[in-house]
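Asker: So that we are looking at the same thing, I have put the structure below in structure tokens.
Read-outs: derived from the displayed coordinates by stated rules, not from any lab. Treat the numbers as computed from the prediction; the structure is a model and nothing was measured. Cβ sites come from the backbone with ideal geometry, for glycine too, and all protein chains shown count toward neighbours.
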Amino acid sequence: MATPVNELPAVDADSGRVNVVVDTPQGSRNKYKFDEQVGQWRLSKVLPLGMSFPYDFGFIPSTRGDDGDPLDVLLLADEPAFPGCVVPARLIGVLEAEQTEGGKTIRNDRLVAVVETPYNPVEYRSLDEVNQQHLDEIEQFFVSYNKVEGRQFKPRARHGADRAQELVEQAICGAGTADHGARRSRARVKK
């Protein structure tokens with residue numbers, strides 16, 4: 001029987017690559033979310049006209065962030081994948097941010113990764129290699145996306161792969177409880 005995507009290891013033990021499960025493909029106005037209770041994808045919302053995801057957006061399985069969900073990942077790739085696609089990826093950094101809703105503020109970072117397979121060498125090895133205006137536009141997308149939902153999203157800092165790896169390792173530890181249905185991964189993220 002197949003392993004449910006939310007129970008896959010965060011890191012592939014053989015390659016050291018992060019497993020990224022795509023929720024929402026690049027260019028989509030439809031925001032999908034994996035429903036852990038039923039093991040299916042649900043349409044979460046439709047973004048307003050003129051707004052779409054700049055890259056594939058997904059999560060790292062077997063992790064939990066401060067918001068109680070698996071860690072969010074923006075996957076920089078030339079072509080969109082599809083909801084539920086598991087993509088081997090290399091972390092290149094993190095856009096640290098705070099999200100406020102109903103007077104409550106939590107950390108809601110966006111990890112940034114690139115596709116890495118034996119046939120697809122990485123385009124970037126560090127967030128520093130990505131054009132700064134491009135990063136500004138990505139952050140602005142999340143500010144606008146959250147504003148439409150009645151939340152405030154404040155980018156706080158940008159850090160490289162080492163910080164992103166630390167966040168994944170912390171989130172794996174936080175996901176190891178039975179009530180989250182996640183399995184721990186002892187593999188180290190490939191740098």
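Asker: Arrange the peptides 85-97, 102-114, 20-32 so that the one whose residues have, on average, the most other Cβ atoms within 10 Å appears first.
Answerer: Numbers: 85-97: 21.9, 102-114: 18.2, 20-32: 20.0.
For the peptides 85-97, 102-114, 20-32, the packing ranking is 85-97, 20-32, 102-114.
Asker: Nearest 0.05, what FRET efficiency do L49 and D162 give at R0 = 41 Å with Cβ-Cβ as r?
Answerer: Values: r = 39 Å, r/R0 = 0.96.
Efficiency at R0 = 41 Å is approximately 0.55.
Asker: Counting pairs of alpha carbon atoms under 8 Å apart in space and at least six apart in sequence, what relative contact order in percent does the chain give? Display every interim value, and only then the final one.
Answerer: On the way: 429 pairs, mean separation 49.6, N = 191.
It rounds to 26 percent for the chain.
Asker: In the chain, with Lys and Arg counted as +1 and Asp and Glu as -1 at Cβ, which of these residues, F34, L76, L111, has the Cα nearest the positive end of the dipole, that is, farthest along it?
Answerer: Selected residue: F34.
Asker: Report, by chain and number, residues whose modeled amide H sits under 5 Å from the one on V112, excluding near sequence neighbours (fewer than 5 apart, same chain).
Answerer: Here the answer is L74, I92, G93, V94, L95, since their amide H atoms fall under 5 Å of that of V112.
Asker: Which of [x] 56; [y] 31; [z] 18 is the computed percent of Cα pairs over 28 Å apart for the structure on display?
Answerer: [z]
Asker: Still on this model: Which net charge results when you count Lys and Arg as +1 and Asp and Glu as -1 among the other residues whose beta-carbon is under 12 Å from that of V148? Each step should come with its number before you reach the end.
Answerer: On the way: positive: R29, K31, K45, K147, R151; negative: E149.
Net charge around V148: +4.
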